Amino acid sequence: MMKATKATLLGLLIMAMACGPVALGARADDGLQTLRETSKAFSAVAKKAIPAVVSVYVERTVAAESPYGFGSPFEDEFFRRFFGDRGRATPERRVQRGQGSGFIISPDGYILSNNHVVGQSDKILVTLNDGREFEAKLIGADPKSDVALIKIEGENLPTIPLGDSDKLEIGEWVIAVGNPFRLAQTVTVGVVSAKGRAVGILGEEGGYEDFIQTDAAINPGNSGGPLLNLNGEAVGMNTAIYSQSGGYMGIGFAIPINMAKFVKDQLLSGGKIVRGYLGVGTSRFGLTQELAREFGLESNRGALIATVQPDSPAEKAGLQPDDIVLEVDGKEIRDWDAFRTMIGMMSPGATTELLIWRDGKRRTITVTIGSREEIAQAEGAVNRLGIHVQDLDAQLAREFGYRPGQGVIITEVAPESAAYKAGIRPGMLILSVNRQRVQSVEEFNQVVDKARDRVLLRIQTEYYIQYILLPLE
């Protein structure tokens with residue numbers, strides 16, 4: 001019995017040694033075949049997309065005394081990384097040149113790109129992969145989302161289909177195509193690292209940020225190019241990088257294609273962007289974990305409402321300070337930025353259901369969405385400064401550490417306005433205008449309305465009081 005067992009084991013060992021390399025080789029071949037198929041998938045997507053990805057060259061003339069020009073994208077370090085400093089100076093003017101990317105979305109020549117690439121340019125030149133050149137017309141641009149739409153005259157042009165960025169999953173393969181460092185039609189591959197990023201490059205409170213984060217290599221010049229899924233659909237528009245060197249460091253950001261489609265559709269239908277509006281504001285730090293526990297919630301996922309503007313859609317629907325929005329139409333709200341972006345992409349007049357947390361209970365409130373345009377028209381003179389203000393009631397005073405009636409509090413600052421460039425931000429308090437004390441929005445409007453070309457604001461922050469002179473737009 002013992003001898004038979006040893007013989008059997010020896011036989012099995014010999015068989016294993018003989019068959020082992022074959023089995024391992026088969027597994028290795030299977031792995032290589034999988035890699036080959038993956039590589040072919042990338043190649044197929046790139047081959048189909050490249051003809052529809054374009055190089056965008058722009059020129060802008062600015063005043064010679066300013067190296068980047070007041071209000072131009074060239075004055076910001078983030079934008080300079082994409083444009084560089086390749087201007088031509090004269091005693092009277094300075095010509096700035098820049099380069100980015102775009103992608104064709106219709107056979108008759110509509111192209112999506114970034115606002116920071118084409119939005120303030122005097123001349124836009126588009127070069128296709130086949131070498132053809134076209135001068136492009138700017139259809140419209142939206143600084144708050146950094147989306148722009150341009151048009152070239154053509155027929156039967158190659159296009160890239162638009163996907164659904166809401167269906168994009170973290171860890172999913174994506175392909176970035178663009179023209180980094182003037183190297184046309186460069187393809188890089190990576191995965192979706194995260195979704196819903198708000199990184200403060202579009203004007204903090206003023207911009208609508210819901211970026212897709214990817215590790216696909218994005219470099220200066222990629223801006224405006226498509227981020228593709230394996231179906232060859234554009235699921236994002238490459239826009240920004242996090243870098244300490246000016247080049248790729250493994251963190252890139254793309255605008256979700258659904259946001260780009262929202263902007264594109266509005267520019268085509270009405271020539272301007274009309275966003276949904278509720279009339280609510282949050283606290284300086286939003287819903288922290290500590291605050292969530294204080295309100296009786298285990299998680300800080302949600303949007304804390306700190307202010308409700310009078311006669312706003314929010315007030316009419318019954319929303320109150322201290323309400324926490326948990327869901328919008330059944331979709332969980334991650335934080336204030338996600339909530340604000342979701343409302344902004346809704347059509348004025350539409351109704352939506354908010355699941356809120358109030359006094360330890362969940363409640364559902366139906367709200368009819370308003371529009372920011374209506375609010376701006378109602379505010380009149382306030383909009384000439386690019387800021388929105390509100391009466392300083394007891395709730396706001398307590399939240400921001402001021403005294404009721406001390407002035408008017410700033411609730412929003414337009415990202416492209418002179419006020420924003422001067423350092424004015426939401427939460428600051430305006431004490432006087434043109435040396436006249438203002439204690440209400442009505443008083444503020446009256447003084448601003450009488451001003452001619454500029455106003456002197458006396459502003460208080462948490463730490464100091466400052467004087468700021470602003471031009472009227």
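The values are calculated or read from the model by the stated rules, or taken from the named source; none is laboratory data. Just so we're clear, the structure is a prediction, and the values are computed from it rather than from any experiment. All Cβ positions, glycine included, derive from the backbone under ideal geometry; neighbour counts span all protein chains shown. Quick note on the areas: whole protein, heavy atoms, side chains included, nothing else; ligands and nucleic acids left out. Shrake-Rupley method; radii C 1.70, N 1.55, O 1.52, S 1.80 Å.
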Next on the checklist: Whole angstrom only: what separates the Cα centroid of the stretch 104-151 from the Cα centroid of the stretch 440-456?
Outcome noted: 38 Å
Item to check | Amide H contacts of G236 (H built 1.01 Å from N, under 5 Å, at least 5 apart or other chain) | outcome: L227, I257
Checklist entry - Ignoring ligands, DNA and RNA, how do K40, K167, K261 rank by accessible area with a 1.4 Å probe, largest first? => result K167, K40, K261
Checklist outcome for this item: Long-range amide H partners of G405, meaning residues 5 or more apart or on another chain whose placed amide H is closer than 5 Å, are L392
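Would you mind counting up the charge near V328? Only other residues with Cβ under 12 Å from its Cβ, with Lys and Arg at +1 and Asp and Glu at -1. Kindly include the intermediate steps, with their values, before the conclusion.
On the way: positive: K331, R334, R340; negative: E327, D329, E332, E353.
Around V328, the surrounding residues sum to -1.
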Checklist outcome for this item: Going residue by residue through the stretch 393-404, the Karplus relation 6.51 cos²θ - 1.76 cosθ + 1.60 with θ = phi - 60° gives ³J(HN,Hα) values, rounded to whole Hz and with x marking Gly or Pro, of 7, 4, 5, 5, 4, 5, 5, 9, x, 9, 10, x
Item to check | Formal net charge of residues neighbouring K123 (Cβ-Cβ distance under 11 Å; K, R +1; D, E -1) | outcome: 0
Item to check | Mean-position separation - Cα centroids, the stretch 213-284 and the stretch 285-314, in angstrom | outcome: 27 Å
Item to check | Proximal lysines to K167, defined as alpha-carbon separation beneath 25 angstrom and excluding residues fewer than eight positions away on the same chain | outcome: K40, K47, K48, K144, K195, K261, K264, K331
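Could you list the GluC sites (Glu not before Pro) in the stretch 109-171 that lie in coil according to DSSP, counting only those with at most 15 other Cβ atoms within 10 Å of their Cβ? Let's see the in-between values first.
Values: sites: E133, E135, E153, E155, E169; in loops: E153, E155, E169.
Within the stretch 109-171, the qualifying GluC sites (Glu not before Pro) (loop, at most 15 other Cβ atoms within 10 Å) are E153, E155, E169.
In the stretch 223-307, which chymotrypsin sites (Phe, Trp or Tyr not before Pro) are in a loop and have at most 12 other Cβ atoms within 10 Å, using DSSP for the loop call? Mind dumping the intermediate values first?
Working: sites: Y242, Y248, F253, F262, Y277, F285, F295; in loops: Y242, Y248, F285, F295.
Those satisfying the criteria are F285.
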Checklist entry - Can you tell me the accessible area per residue over the stretch 392-450, all protein chains present, probe 1.4 angstrom, in square angstrom? => result 46 Å²
Checklist outcome for this item: Note, the stretch 103-118: 3J(HN,Hα) by Karplus (6.51, -1.76, 1.60, θ = phi - 60°), whole Hz, Gly/Pro = x, goes 8, 6, 10, 8, x, 8, x, 6, 10, 8, 8, 8, 4, 6, 8, 10
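Counting only protein heavy atoms, what percent of the accessible surface of the stretch 126-273 is carbon or sulfur at a 1.4 Å probe? Can you show the working numbers first?
Numbers: 2700 of 5790 Å².
The nonpolar share, carbon plus sulfur, comes to 47 percent.
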Checklist outcome for this item: Under 5 Å from the placed amide H of V389, counting only residues 5+ away or on other chains, we find T411
Checklist entry - In whole Hz, what ³J(HN,Hα) sequence does the stretch 236-242 give by Karplus (6.51, -1.76, 1.60; θ = phi - 60°), x for Gly and Pro? => result x, 10, 4, 9, 8, 10, 9
Item to check | Separation in nanometres of the label points that stand 7 Å from Cα toward Cβ, at A394 and R132 | outcome: 6.9 nm
